Amino acid sequence: MLIGWTETVILIGAAALFVCGLTRLLRLYRSLLWGTSVLMLITALFPRQGNPLGIPRLPIELFGVAWWILGAWLVNGVLNLILRRTLFPVDNEPHARRLFADLASVLVYLVALVGIVDTVLKQPISTVLATSGVLAIILGLALQNTLSDVFSGLAINIERPFGAGDWITVTNDVEGQVIEINWRATRIKTASNDLIVVPNSIAAKSIITNHRRLNDAHLCTVAIKIDHAVAPTRVIEALQSAAGASGGIAARSTPTAYARGFEDALVEYELTFAIDDFTQIYTVRSDVILRVVEALQKSQIAVGSGCMDVRMIQRDEERP
């Protein structure tokens, strides 16, 4: 008997996985299946006591290093597959998935390195851990701001208050569409096609308004002042009718106008309408304003205060 039952079962399993990788049904998982098959083959042929298939011409350490590296590669591939199927199933945020995949790769290969040092090279792992601990402290102090950005990026992608494709406003100063969230910063493309880079640590501490995360339509408002001499019901009807004729407002929505206050001889009105796409807010608002102006002109309603009559009274000169 050349090999034992354990080696025989492992070899049969390796052959089965290799055959499964040849099928069209599992072609998407071919690399993982074949990688697992090779790992099982190395495990079955690993030179050890009682295994006559050991190859004496090759050092035993080569088999151990190959086993750990291949195992780390397989674990990394499985984790990447899990990220694709669970946290990011639609593949609409490849940058976020890559962020987590890179971190998982570092941890997996670090564990593989520790395993190689401990089990293959037979070196005391405590010395390596002590050296790496001191090095980690030095790097942590030197890269404090960078590490803050990295962990803030991880927190953003875990909580996901915004993602690639969302239109956001950062503390009322920066507004645009999120292009990428990488290790260090969040890249935002503004309406004027400018690229703004916001460090993740700043984005994590800022007040951010996400205009596209909710499925509800975005509400826009336009304020206008009309002379109080014009009947409010007439003004409200004209505003709602003009805004409702715009083709940019959200379907199955009705514009609403109401009086909100007085200012001297003027009444201030506010017109509210909904849009589906926040990126079109400036175009739709311009169209609504133009239609409102045309409707008010047709109704002979002047925007702002009307003509002001000024009367000057001349006083008689005082007689001596």
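Which numbered condition trips up VAL128, out of (1) modelled with pLDDT of 65 or more; (2) surrounded by 13 or more Cβ atoms within 10 Å (Cβ to Cβ)?
That leaves (1) as the condition not met.
Within segment 147-174, which residues are of a type in the set (Asp, Glu) and either under 11 Å from ALA203 (Cα atoms) or surrounded by 17 or more Cβ atoms within 10 Å (Cβ to Cβ) (or both)? Spell out how you get there, then give the answer.
Going residue by residue through segment 147-174, those that are of a type in the set (Asp, Glu) are 149, 159, 166, 173.
Once the filter is applied, which keeps residues that are of a type in the set (Asp, Glu) and either under 11 Å from ALA203 (Cα atoms) or surrounded by 17 or more Cβ atoms within 10 Å (Cβ to Cβ) (or both), segment 147-174 yields ASP149, ASP166.
Looking only at segment 185-198, which residues are surrounded by fewer than 17 Cβ atoms within 10 Å (Cβ to Cβ) and touching an Asp or Glu at 6+ places or on another chain (Cβ under 8 Å)?
THR190, ALA191
Somewhere in segment 203-213, is a residue of a type outside the set (A, V, I, L, M, F, W, C) and surrounded by fewer than 13 Cβ atoms within 10 Å (Cβ to Cβ)?
Checking segment 203-213: at least one residue is of a type outside the set (A, V, I, L, M, F, W, C) and surrounded by fewer than 13 Cβ atoms within 10 Å (Cβ to Cβ).
Checking the condition touching a residue at least 40 places away in the same chain (Cβ under 8 Å), over 30 Å from LEU147 (Cα atoms), part of a strand (DSSP E or B) and among the small types (Gly, Ala, Ser), which residue from ALA238, ALA242, ALA274, ALA259 passes? Show your work before the answer.
Details: ALA238 fails: part of a strand (DSSP E or B); ALA242 fails: part of a strand (DSSP E or B); ALA259 fails: touching a residue at least 40 places away in the same chain (Cβ under 8 Å).
One residue alone meets the criteria, ALA274.
Going through segment 226-235 one residue at a time, which ones are assigned to a helix (DSSP H, G or I) and in contact (Cβ under 8 Å) with a residue 24 or more places away in the chain?
Going residue by residue through segment 226-235, those that are assigned to a helix (DSSP H, G or I) are 232-235.
Hits for segment 226-235 are PRO232, ARG234, VAL235.
Identify, from the list ALA223, ALA191, ALA164, the residue that is part of a loop (DSSP other than H, G, I, E, B) and farther than 30 Å from ALA104 by Cα. Reasoning before the result, please.
Details: ALA223 fails: part of a loop (DSSP other than H, G, I, E, B); ALA164 fails: farther than 30 Å from ALA104 by Cα.
The conditions single out ALA191.
The values are calculated or read from the model by the stated rules, or taken from the named source; none is laboratory data. Everything numeric here is computed off the predicted structure, so don't read it as measured data. Here the Cβ is made from the backbone with ideal geometry for all residues, glycine too, and neighbour counts use every protein chain on show.
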